[in-house]
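Here the structure is laid out as structure tokens; the discussion comes afterwards.
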Amino acid sequence: MPKIVDHDHKRKIIAETAWKIIETEGIERASIRRIASEAGMSTGALRHYFSNQDELLLFIMEYFLARGRERSENISWSTNPLNAVRETLLELVPVNQDKQTETGVWLVFAIRSLTSAALNAKKDELTEGEYILMEALLEILIKAGYINKTINIEIETLRLAVIIEGLSIHALLRPDIFTIEKTEQIITHHLNELCNK
């Protein structure tokens with residue numbers, strides 16, 4: 001009788017193995033050969049799931065997104081709209097080890113997407129999703145009366161996305177300067193400026 005292979009379980013093992021390598025040694029060490037070895041598979045077996053590095057990177061990104069969604073589902077968000085927006089924005093910046101790893105993967109993914117057709121569409125989807133989220137957060141503040149309805153929502157949406165992306169990069173590169181407290185101060189300062197317009 002042929003052995004039944006649980007492909008979803010295998011993919012989960014691959015993703016978790018890749019994530020462990022990335023967390024401890026950096027994404028540059030997460031080659032197909034290394035992941036296969038750590039997961040107890042042959043390179044050929046792993047290539048059954050991912051034929052190249054871009055497919056593997058895309059899968060790791062999907063895994064990182066699933067982890068982020070799971071994490072956000074287990075957070076007790078504030079009922080105050082302004083606090084809830086601040087909390088949401090803080091979830092997007094690398095203020096702990098997990099989020100530092102996620103940000104590092106995102107940066108590698110984003111840079112590789114510039115020369116990879118396979119990754120480019122996903123990069124566009126993710127950045128569009130970020131803009132949609134930023135606009136939704138601003139709409140929450142407008143509806144709650146914190147922000148004047150006359151603001152330029154398109155510009156403020158993009159500006160908020162740029163602030164969060166910039167904070168993420170600097171918090172990853174200089175965690176000694178961009179501590180959790182400093183990052184929260186910057187987000188709070190920007191929201192206060194928005195609400196005072």
Worksheet item: Once the Cα atoms of helix 180-196 and of the chain are each reduced to a long axis, what angle between those two axes, in degrees from 0 to 90 to the nearest 10, is obtained?
Response: 40 degrees
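Please label the shape of the chain as rounded, prolate or oblate, based on the square roots a ≥ b ≥ c of the eigenvalues of the alpha-carbon gyration tensor (a/c under 1.5 means rounded; beyond that, a/b larger than b/c means prolate, else oblate). Walk me through the numbers on the way to the answer.
Details: a/c = 2.29, a/b = 2.18, b/c = 1.05.
Verdict is prolate for the chain.
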Discussion item. So, taking all protein chains as they sit and a 1.4 Å probe, how much accessible area belongs to Ser31, in Å² rounded to tens?
Written reply: 40 Å²
Worksheet entry | Over 26 Å (Cα to Cα) - which of Lys10/Lys99; Lys12/Lys182; Lys12/Lys99 fall in this group | Lys12/Lys182
Practice prompt. Sequence neighbours fewer than 8 away in the same chain don't count; with that in mind, list the aspartates and glutamates whose C-alpha is under 15 Å from Lys122.
Written response: Asp54, Glu55, Glu62, Glu130
Item to complete: State log₁₀ I(q)/I(0) for segment 1-100 at q = 0.16, 0.20, 0.24 Å⁻¹ as given by the Debye formula over alpha-carbon point scatterers of equal weight, solvent excluded.
Response: -0.75, -0.99, -1.27
Worksheet, complete the sentence: In a Gaussian network model of the chain with springs linking alpha carbons closer than 10 Å, the residue among Thr150, Thr127, Thr179 that fluctuates most is Thr150
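Report, in deg cm²/dmol and to the nearest 500, the calculated mean residue ellipticity at 222 nm for the chain, where each DSSP H run with n ≥ 4 adds -39500 (n - 2.57) and the sum is divided by the residue count. Don't jump to the answer; show the numbers that get you there.
On the way: 9 runs with 147 residues, N = 197.
After summing the helix terms and dividing by residue count, I get -25000 deg cm²/dmol.
Just by accessible area at a 1.4 angstrom probe, what is the order of Asp54, Asp98 from largest to smallest?
Working: Asp54 35, Asp98 55 Å².
Heavy-atom accessible area, descending, gives Asp98, Asp54.
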Discussion item. What do you get for trypsin sites (Lys or Arg not before Pro) in segment 59-154 restricted to DSSP loop and a cutoff of at most 14 other Cβ within 10 Å of the site's Cβ?
Written reply: Lys149
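Averaged per residue, what accessible surface does segment 94-139 expose to a 1.4 Å probe, in Å²? Before the final figure, lay out each step's value.
Values: 2220 Å² over 46 residues.
Normalised by residue count, the accessible surface of segment 94-139 is 48 Å².
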Item to complete: Tabulate in residue order the Karplus-calculated ³J(HN,Hα) for segment 84-92, using 6.51 cos²θ - 1.76 cosθ + 1.60 with θ = phi - 60°, rounded to whole Hz; enter x for Gly and Pro.
Response: 5, 5, 4, 4, 5, 5, 5, 5, 8
Worksheet item: Where does helix 153-173 land angle-wise versus the long Cα axis of the chain, in degrees 0 to 90, nearest 10?
Response: 50 degrees
Discussion item. Under 19 Å between alpha carbons, and skipping anything fewer than 8 positions from Lys143 in its own chain: which aspartates and glutamates qualify?
Written reply: Glu87, Glu135, Glu154, Glu156, Glu193
Discussion item. If I fit a long axis through the Cα atoms of helix 117-143 and take the longest principal axis of the Cα atoms of the chain, what angle between them do I get, 0 to 90°, rounded to 10?
Written reply: 30 degrees
Practice prompt. Quote the relative contact order of the chain in percent (integer), defining contacts as alpha-carbon pairs under 8 Å separated by 6+ residues.
Written response: 19 percent
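The values are calculated or read from the model by the stated rules, or taken from the named source; none is laboratory data. Keep in mind that this is a model prediction, so the values were computed, not measured. Glycine gets a Cβ as well: all are built from the backbone with ideal geometry, and neighbour counts include every protein chain shown. For accessibility, only protein heavy atoms count, side chains too; no ligands or nucleic acids. Shrake-Rupley method; radii C 1.70, N 1.55, O 1.52, S 1.80 Å.
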